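Student: Below: one structure in structure tokens.
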Amino acid sequence: MKIGIDKIGFYVPKLYLDIETLAINREVDPMKYKKGLMLDKMAVAPLNQDIISMGVNAAHSILTKEDIEKIDMVLFATESSIDQSKAAATHLISLLSLKKNIRALELKHACYALTAAIQFAKNHVKENPESKVLVVGSDIAKYGIKTDGEPTQGAGAIALIISKDPCIAEIENVSGLYADDIYDFWRPSYSPYAMVDGQYSNEMYKKFFLESYEDYLKKSRHKKEDIDAFIFHIPYAKLGLKTLSLIEPNIESNLYQYFNQSIVYNQQVGNIYTGSLYLSLVSLLEQGEMKDNSRIGLFSYGSGAVAEFYTIKLVNGYKNHLNKIYHEKLLENRKALSIESYESLISTHLTNDIKFEDENESYCELKEISHQQRKYNIKAV
Ligand code: COA
């Protein structure tokens with residue numbers, strides 16, 4: 001039985017900061033951010049878009065009634081959780097009208113949790129072939145104003161349906177793994193901002209890639225040539241490019257062409273933490289020319305740290321099941337922020353007793369926080 005990605009979609013909020021605006025205001029040469037880190041725009045969440053509403057918006061863009069009838073598990077991966085106890089996935093039951101005979105769970109492991117969720121979903125479908133699993137990754141990446149990590153922030157959500165006989169890609173069975181106990185990036189529960197040892201995190205990312213990739217090659221008995229394209233967790237595109245160069249010195253290789261196609265969306269959005277690898281996958285599939293039956297290697301990295309390298313195989317006709325025009329419009333129809341508006345948004349932390357006007361800009365928006373509970377607006381469609 002083939003199990004894999006039946007659908008995939010994403011949502012980004014309607015606001016962004018141009019990376020040049022940030023560079024000029026921080027008195028940094030814009031080429032450092034544009035060429036040195038390979039960034040272009042950074043998605044910024046307005047106050048009425050949180051991880052729940054963004055996750056709902058991403059899921060709503062791919063779900064049909066038939067999917068909802070079959071979904072008996074919903075997994076929500078995030079490292080910018082809004083609650084230490086109530087799982088984000090429970091909000092999705094009401095906001096997406098999911099069945100109530102369902103397993104609903106939130107998962108955390110830095111930028112890795114969405115990959116873990118996808119693997120758990122695959123195993124669930126193996127045991128329950130008629131089931132579909134909704135997997136969502138949603139994050140707001142905040143390092144804070146005037147920090148080294150400031151240009152590598154972002155916001156957005158990814159949603160996937162994992163099922164048997166998938167329309168997009170089969171998930172192959174071998175995973176290369178590597179984990180260790182390190183502090184490269186972390187966020188203590190009392191801090192709204194992430195802490196990062198930037199250069200150390202870059203080194204660990206590359207080391208964990210080599211270790212997990214080698215583990216994959218050993219277990220699968222594949223060679224590099226058996227993999228048609230490599231995609232990476234993308235906190236910023238340059239890190240993926242440098243990591244690819246560790247295994248492919250020839251810059252004329254097709255692998256670089258595919259890599260460039262895989263970062264088109266990431267460069268418009270910035271870092272969306274756990275969804276970044278899968279935003280890169282959507283970018284490759286929608287902006288690239290991958291042939292049916294191609295094998296793609298995915299490198300997932302979560303600081304702290306754990307790494308997984310695994311492969312998917314595209315199925316015949318996968319291009320017919322993408323949402324390219326919708327995604328391109330979503331990215332085009334955004335508003336640029338001034339530096340002052342960006343700074344105000346990034347340093348506002350919502351607490352109780354707040355109400356928003358119904359802007360009706362996206363399918364789901366945060367409506368209010370009252371009695372310490374969040375309520376959302378759903379647009380009538
Ligand atoms: N024109 C072109 N390139 C320039 C430049 C200029 N004027 N000035 C600097 N650069 C290049 C540097 O050469 C470097 O490229 P290289 O790595 O290929 O040599 C790149 O820009 C970054 O410069 P660097 O001095 O390393 O930047 P930094 O000290 O500000 O740190 C990060 C960059 C990414 C470490 C920092 O933004 C950060 O901490 N980010 C968050 C951590 C993260 O995302 N980690 C990933 C693991 S998940």
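Student: Hey, what do the phi angles of region 99-105 turn into as Karplus ³J(HN,Hα) couplings, whole Hz, using 6.51/-1.76/1.60 and θ = phi - 60°, x for Gly and Pro?
Tutor: 5, 8, 7, 8, 9, 10, 8
Student: Same structure, new question: Quick one: dipole size for the chain, taken about the Cα centre, charges +1 on Lys/Arg Cβ and -1 on Asp/Glu Cβ, in debye to the nearest 20.
Tutor: Around 620 debye, computed over the chain.
Student: Under a GNM of the chain (C-alpha, springs under 10 Å), which listed residue has the highest mean-square fluctuation: Glu365, Glu248, Glu308?
Tutor: Result for the chain, Cα springs under 10 Å: Glu248 fluctuates most.
Student: Also, quick follow-up: Using modelled amide H (1.01 Å from N, peptide plane; none on Pro or chain starts), what sits under 5 Å from the amide H of Ile263, excluding residues fewer than 5 places away?
Tutor: For Ile263, no residues qualify.
Student: Which three extents, in whole angstrom, do the alpha-carbon atoms of the chain cover along their principal axes, largest first?
Tutor: Principal axes ranked by extent give 57, 53, 40 Å for the Cα atoms.
Student: Moving on. When only C-alpha pairs under 8 Å and at least 6 residues apart count, what is the relative contact order of the chain, in percent? The partial results should precede the final answer.
Tutor: On the way: 874 pairs, mean separation 91.2, N = 381.
It comes to 24 percent, rounded to a whole number.
Student: Given H placed 1.01 Å from N in the peptide plane, which residues other than close sequence neighbours of Arg103 have an amide H under 5 Å from its amide H?
Tutor: Here Met73, Val74 satisfy the definition.
Student: Between Lys2 and residues 5 or more places away or on another chain, which pairs have amide H atoms under 5 Å apart, with H built 1.01 Å from N, and which residues are they?
Tutor: Hits under the 5 Å cutoff: Asp165.
Student: Now a separate question. Which of the helices in the chain meet the span-like rule: DSSP H, Cα axial reach of 30 Å or more, Kyte-Doolittle mean at least 1.6? Write out the running numbers ahead of the final one.
Tutor: Details: long enough: 198-220 (32 Å, -1.28).
Span-like helices in the chain: none at all.
Student: Kindly work out what percent of the DSSP beta bridges joining two residues of the chain are antiparallel, to the nearest 5.
Tutor: Working: 50 of 68 bridges.
Counting DSSP beta bridges with both partners in the chain, the antiparallel share is about 75 percent.
Student: Now for a separate question. Please identify the trypsin sites (Lys or Arg not before Pro) of region 289-381 that satisfy two criteria: DSSP loop assignment and at most 12 other Cβ atoms within 10 Å. Which are they?
Tutor: Numbers: sites: Lys291, Arg295, Lys313, Lys319, Lys324, Lys329, Arg334, Lys335, Lys355, Lys367, Arg374, Lys375, Lys379; in loops: Lys291, Arg334, Lys379.
When the trypsin sites (Lys or Arg not before Pro) of region 289-381 are filtered for loop state and at most 12 Cβ neighbours within 10 Å, Lys291 remain.
Student: For the chain, modelled as a Gaussian network with Cα springs under 10 Å, which listed residue fluctuates most, Phe208, Phe185, Phe232?
Tutor: Top of the fluctuation ranking is Phe185.
Student: Let me ask something else. Which of these, Met204, Met31, Met42, has the largest mean-square fluctuation under a Gaussian network model of the chain (Cα springs below 10 Å)?
Tutor: It is Met31.
Student: Note down the Stokes-Einstein diffusion coefficient of region 185-336 in µm²/s, whole number, using a Kirkwood radius over alpha carbon pairs, 10 °C, and 1.306 mPa s.
Tutor: Numbers: Rh = 16.4 Å.
Translational diffusion coefficient: 97 µm²/s.
Student: Still on this structure, I have one more. If each residue's Cβ is checked for other Cβ atoms within 10 Å, how do Asp6, Asp29 rank with the fewest at the top? Let's see the in-between values first.
Tutor: Working: Asp6 22, Asp29 11.
Starting with the residue having the fewest Cβ neighbours, the order is Asp29, Asp6.
Student: May I pose another question? If we count other beta carbons within 10 Å of each Cβ, what is the order of Tyr216, Tyr112, Tyr200, fewest first? Could you put the intermediate results ahead of the total?
Tutor: Values: Tyr216 22, Tyr112 26, Tyr200 13.
Placing the least packed residue first, the sequence is Tyr200, Tyr216, Tyr112.
All of the numbers you see were taken from the coordinates with simple rules; none came from a lab. Quantities reported herein were computed from a predicted structural model and do not represent experimental measurements. All Cβ positions, even for glycine, are placed from backbone atoms using ideal geometry, and neighbour counts span all protein chains on display.
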